Ligand SMILES: C[S@@+](CC[C@H](N)C(=O)[O-])C[C@H]1O[C@@H](n2cnc3c(N)ncnc32)[C@H](O)[C@@H]1O
């Protein structure tokens, strides 16, 4: 997969790229590049935003600047780009990110993520250049950098070879293997701590019973809490 993040703060991603699971997937041929729209503005003072028509607080990212950055990166009219490449505009009000959407994105050969700042995007960026509008939750962050990292983290860990044990991504919270429910509880040594015992079934070595117990725990959590 080739992922590009359009951001005014590309250095934020230096840390992200260095994290082990991300570094692993980048070493296996996936790319994660940043494009700074500020490098493509022709406005004086490297301006990328402007005051909103109609008044109000904050600054709005300009459509002409974002178009110039997209054109420079892909060598084509960004209006056509979204026909064969997912271009995700990160907005608080967009489609909520969930495991099914992450699975969908992980099958894409290429992704473009547009990170807003300040008051957000000129709506024409979203309407004409983006294929999707995507939110990581119903709250507002200062910029799209953390949302872009959330999307990339969740997508990249679904790619083959990223996790030490491929099974980790198959049977985990919200996966089809658990019918979309939360994962069952895990325990490790010591088997007893301050009188808190690990459920006997997990120490039984009886794999079928363990599997059944885990499914039941997941189902119970989905319905509103762990079984007693
Ligand atoms: C301060 S926010 C703009 C908020 C916008 N004025 C609003 O009320 O919806 C700046 C940028 O951060 C990003 N952002 C903030 N919260 C987000 C969220 N929950 N999901 C996705 N992106 C978010 C978006 O790219 C947004 O353009």
Please determine whether any residue of the stretch 49-63 is in contact (Cβ under 8 Å) with a residue 12 or more places away in the chain, exposed (fewer than 13 other Cβ atoms within 10 Å of the Cβ) and part of a helix (DSSP H, G or I). no
Within the stretch 87-118, of all residues that are closer than 21 Å to residue 57 by Cα and assigned to a loop (DSSP other than H, G, I, E, B), the one nearest to the ligand (Cβ to nearest atom) is 116
Checked the stretch 2-17 for anything in contact with a strand residue (DSSP E or B) (Cβ under 8 Å, 6 or more places away or on another chain) and either surrounded by fewer than 19 Cβ atoms within 10 Å (Cβ to Cβ) or in a strand (DSSP E or B) (or both); matches are 2, 3, 4, 5, 6, 9, 10, 17
Sole miss for residue 84 among (1) surrounded by fewer than 21 Cβ atoms within 10 Å (Cβ to Cβ); (2) farther than 19 Å from residue 36 by Cα; (3) within 13 Å of the ligand (Cβ to nearest atom) is condition (3)
Filter the stretch 119-156 for residues that are part of a loop (DSSP other than H, G, I, E, B) and near the ligand (Cβ under 6 Å from one of its atoms); the one that is surrounded by the most Cβ atoms within 10 Å (Cβ to Cβ) is 144
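We did not get these values from a lab; they are worked out from the coordinates using the rules stated. Everything numeric here is computed off the predicted structure, so don't read it as measured data. Glycine gets a Cβ as well: all are built from the backbone with ideal geometry, and neighbour counts include every protein chain shown.
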